[in-house]
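A short write-up of the structure that comes next.
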Amino acid sequence: MTVTDFDELATRILDGGAASEADALAVLRAADADLMAVVAAAGRLRRTHFGNTVKVNYLVNLKSGLCPENCNYCSQALGSDAPILKYSWLSTDETLQQAGAGLRGGATRVCMVSSGRGPSNRDIEKVAEMTEALKDEYPDVEVCACLGLLEDGQAERLKEAGVDAYNHNINTAESHHDTIVQTHTYDDRVETIGKAKSAGLSPCSGLIAGLGETDEQLVEALFALKALDSDSIPVNFLMPFDGTPFENTWELSPTRCLKILAMARFVCPDKEVRIAGGREMHLRSLQALALQVANSIFLGDYLTSEGQEARADIEMIRDNGFVVLGAEDEHADVVEAGHDPAIRRRGAGTEVAANA
């Protein structure tokens, strides 16, 4: 594609057309010299659907480590020697304390995550109780649960308790799935997304880039997410920590990460594209530029890894002409709240956001 072609692609999509797999591949393979043209074109789509707002999300790690699944990228997985915090379920009070810190810092969505293959019905009741307590205290909060593979009826119980969305990432293309995990199938993941949608939960599903996939497989994964009609697409960038099979796997550059995000915007122009785990490590100085195509980030720490300082995230949003969704007229208050040390209480570790 030429520089003009990227802009013409954006115009075609805005006129009701759609990006093809060939278009997506061309975006991913664009020359670095054309990077600003790619960003500008994708940015037209971002601003049409989301204006200058950035949705801020906050993770609460309800249960950490000791997972029986063997996802090769995950520090919490079976066989991982990564030095992470391991603990059973937080109490409702602890959950409220952590979630409150993120909400005061500018977040409007709390993502409640637990490690493991999937929740028992008892686990579902714990999350239901936490959700009800959280919504009693913060009526406008969005709650997204990420608890693993769901059994029949569990999504309905979460919906009844007030959960708004369910995250379960496909992580990679179906053609690449079995090389990164063998204890569950790609279809298992798709089935859980279907159960969440059927119960009226907003589907949140994304991917992890840097797992040894080809360009074509990245495109395959994004078109699968489009077919699943995922409302929110977290794009993670592999953090190759010691103790996991993917240690010393470094396939990503800042420009490649930015092109992946732009490709997501072209393929899914009206969906929430979230810059998730690994952004600080891989986008580095291009994090702010990535906000021109993505419209959502996580605030503070991830599951078991430190993120960028919350204040720096909020200032990055403001300094680049964006506003925090839900606090468009309260920038000063939000920036000040970003100083809250409770936002970073989980401490250091080695896990990627929403990779459970």
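Taken one residue at a time, the phi angles of region 44-58 give Karplus couplings (6.51, -1.76, 1.60, θ = phi - 60°) of 4, 5, 4, 6, 4, 8, 10, x, 10, 8, 10, 7, 9, 10, 9 Hz. Gly and Pro are set to x. In this label model, E94 and D187 are separated by 3.8 nm, measuring between points 7 Å along each Cα→Cβ vector.
For region 282-296, backbone phi angles converted through the Karplus equation (6.51, -1.76, 1.60; θ = phi - 60°) give residue-by-residue couplings of 9, 6, 6, 6, 9, 4, 5, 5, 5, 5, 6, 10, 8, 10, 7 Hz, Gly and Pro being listed as x. When we measure straight from the Cα of K55, which lysines land under 28 angstrom away, once same-chain ones fewer than 8 places off are left out? The qualifying lysines are K63, K126, K135, K159, K195, K197, K226, K259, K271. Between L14 and D319, what's the calculated FRET efficiency when r is the beta-carbon distance and R0 is 30 Å? Round to 0.05. E(calc), rounded to 0.05, equals 0.60.
To the nearest 20 debye, what is the magnitude of the charge dipole of the chain about its Cα centre, counting +1 on the Cβ of each Lys and Arg and -1 on the Cβ of each Asp and Glu? It would help to have the intermediate numbers written out before the result.
Values: 32 positive and 55 negative charges, 46 e Å.
Dipole about the Cα centre, nearest 20: 220 debye.
Remark: accessible surface ordering of V267, V190 (largest first) is V190, V267, probe radius 1.4 Å.
For A209, the residues whose modelled amide H falls within less than 5 Å of its own, excluding neighbours fewer than 5 places apart on the same chain, are N236, F237, L238.
Using 0.36 nm per residue, how much length does the chain from D178 to E21 gain when fully extended, once their Cα-Cα distance is taken away?
Working: separation 157, 0.36 × 157 = 56.52 nm, distance 2.26 nm.
54.3 nm is the gain from fully extending D178 to E21.
Multiplying the residue separation of N52 and E216 by 0.36 nm and removing their Cα-Cα distance gives an extension gain of 55.9 nm.
Comparing V141, V39, V293 in a Gaussian network model of the chain where C-alpha atoms under 10 Å apart are linked, the largest mean-square fluctuation is found at V141. If the Kirkwood radius is taken over C-alpha pairs of region 1-53, then at 10 °C and 1.306 mPa s the Stokes-Einstein diffusion coefficient equals 141 µm²/s.
Antiparallel beta bridges, as assigned by DSSP with both residues in the chain, represent about 5 percent of the total such bridges.
Would you kindly state how much longer the chain becomes between A31 and D7 on full extension, computed as 0.36 nm times their sequence separation minus their alpha carbon distance, in nm to one decimal? Intermediate values should be presented prior to the final figure.
Values: separation 24, 0.36 × 24 = 8.64 nm, distance 1.51 nm.
Taking 0.36 nm per residue and subtracting the Cα distance, the gain is 7.1 nm.
Taking amide H positions as modeled 1.01 Å from N, with prolines and chain starts lacking one, the residues under 5 Å from T244 and 5 or more places away or on another chain are D81. Express in % the proportion of alpha carbon pairs of the chain at distances exceeding 39 Å. That tail contains 8 percent of the Cα-Cα pairs. When nucleic acids and ligands are ignored and a 1.4 Å probe is applied, E272 ends up with an accessible area of around 20 Å². When both region 3-24 and region 269-285 are represented by their alpha-carbon centers, they are found 22 Å apart. Across region 24-32, computed HN-Hα scalar couplings (Karplus, 6.51 cos²θ - 1.76 cosθ + 1.60, θ = phi - 60°) run 4, 5, 5, 4, 5, 9, 4, 5, 4 Hz from first to last residue, x flagging Gly and Pro.
Distant-in-sequence amide contacts of K55, defined by a placed amide H-H separation under 5 Å and a gap of 5 or more residues or a different chain, comprise S296, I297, L325. For region 142-193, evaluate the Debye formula with one uniform point scatterer on each Cα (no solvent term) and list log10 I(q)/I(0) at q = 0.13, 0.20, 0.26, 0.32 Å⁻¹, rounded to two decimals. Each listed q maps to, in turn, -0.35, -0.71, -0.99, -1.29.
The values are calculated or read from the model by the stated rules, or taken from the named source; none is laboratory data. None of the values given here were measured: they were computed from a predicted structure. FYI the Cβ positions are ideal-geometry reconstructions off the backbone, even for glycines, and counts take in every protein chain you see. Just the protein is used for accessible areas: all its heavy atoms, side chains included, with ligands, DNA and RNA removed. Shrake-Rupley method; radii C 1.70, N 1.55, O 1.52, S 1.80 Å.
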